Amino acid sequence: MPVRLVCCSHSPLMTTAIEPTDRDAQQAFYAGLAAQARALEGFAPDLVVVFGPDHFNGFFYDLMPAFCIGAAAEGTRDWHLAPGPLRVPQERALALVRHLHGRDIDVALSWAMTVDHGITLPLFKLTGALERYEVIPVFVNCAADPRPSLRRARLMGAAIGEFLAATKLKVAVIGSGGLSHDPPTPRLATASPEAVQRLIHRHAPSQQDLDGREARVLRAARDLVAGGGPCKPPSERWDRAFLDFLIAGRDEEIDRMTDADLDRDAGFGGHEVRTWVAATAAARALGLVDLELVSYRLIPEWITGMAIIAGGAREATP
């Protein structure tokens, strides 16, 4: 099957003018994204499937699914990204949900999904717009404990790939999140009473709320660069081990990772690697055989280990 996979780290700090610690590292990551955008344009997919997290902009503890597929979706304006609708093929999204339920995977369905920078940022960077291609957004709960296991994320992704293989479409699969990072996101167990209410009750953050949150993350990033602050630094050792497991298809190593392992070694944001696991499983079910590490660098001012992996199925021999 024709398939193209791109898994990429995202950091909303990419959208800011924060001072670079190594301008070459930032430029190398941007160059890698640009190369993947050109490859995707040349591939000309019929459908894009994006696996992404949310940062309490669209999904809240009032009702937190492990996985959710959008039959209609709207991008938020967080980090001053342009908001707007995604072009979701509704009947195909519904058929996908039915397929997953038939495989005993209880994925939720939304007719009004809100997607934040976890899904919109890679769409802007890799396709140039939210509506350029037909897109099915797949939310994976990575921020709200308790989360689905990495094994469950892999099985869900594989079942989505199985469904996509039967469509005979040219499919681009994107996984967005991670790698290791520890953002100053409130945790339900330790947050202030006011923050707890924001985590639980569904709401549309005001621009003032978003600006305040973004200023807090910027301060934390600058503190991290200076050797202090609330965020622990990203771990190159953990990132490279995870990337090695993923590229080699060592599912058993990834399946064994627990939330406690991720909290300790990859930070609170490291849970987002579930999106890479799901996306890679989907692409492999579509026939992906070539997978490579395009780039990897620690970028402290983005508080994240920034990587890109990509691949596709080999062309059939005439």
Within segment 171-212, take every residue that is more than 27 Å from D263 (Cβ to Cβ) and crowded, with 17+ Cβ neighbours inside 10 Å and give me the one that is farthest from the chain's Cα centre (by Cα). V171
Can you tell me how many residues within segment 168-186 are at pLDDT 95 or above and polar (S, T, N, Q)? 2
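Please state which one of A283, A266 is among the hydrophobic types (A, V, I, L, M, F, W, C), within 24 Å of T185 (Cα to Cα), under 18 Å from the mean Cα position of the chain (by Cα) and buried (at least 16 other Cβ atoms within 10 Å of the Cβ). Show your work before the answer.
Details: A283 fails: within 24 Å of T185 (Cα to Cα).
Testing whether each residue is among the hydrophobic types (A, V, I, L, M, F, W, C), within 24 Å of T185 (Cα to Cα), under 18 Å from the mean Cα position of the chain (by Cα) and buried (at least 16 other Cβ atoms within 10 Å of the Cβ) leaves just A266.
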All but one of (1) outside any helix (DSSP H, G or I); (2) modelled with pLDDT under 95; (3) under 30 Å from P186 (Cβ atoms) hold for P65; which doesn't? (2)
When segment 108-132 is checked residue by residue, the ones that are crowded, with 21+ Cβ neighbours inside 10 Å and either within 14 Å of V49 (Cβ to Cβ) or among the hydrophobic types (A, V, I, L, M, F, W, C) (or both) are M113, V115, I119, L121, P122, L123, L126, L130
Could we say that R132 is modelled with pLDDT of 95 or more, farther than 24 Å from M257 by Cβ and of a type outside the set (S, T, Y) here? yes
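Right, P137: under 24 Å from D209 (Cα atoms), out of contact with any Pro (no Cβ under 8 Å at 6 or more places or on another chain) and not hydrophobic (A, V, I, L, M, F, W, C) or not? Steps first, answer last, please.
Details: under 24 Å from D209 (Cα atoms): no; out of contact with any Pro (no Cβ under 8 Å at 6 or more places or on another chain): yes; not hydrophobic (A, V, I, L, M, F, W, C): yes.
Criteria not met by P137.
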Look through F29, F56, F51, F60 and report the one residue that is within 29 Å of L286 (Cα to Cα), of a type in the set (F, W, Y) and not in a helix (DSSP H, G or I). F51
Within segment 226-242, work out how many residues are in a loop (DSSP other than H, G, I, E, B) and either at negative phi or in contact with a Cys (Cβ under 6 Å, 6 or more places away or on another chain) (or both). 8
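The values are calculated or read from the model by the stated rules, or taken from the named source; none is laboratory data. Keep in mind that what you see is a predicted model, and the values were worked out from it rather than measured. Counting neighbours? That spans all protein chains shown, and the Cβs are built from the backbone with ideal geometry, glycine included.
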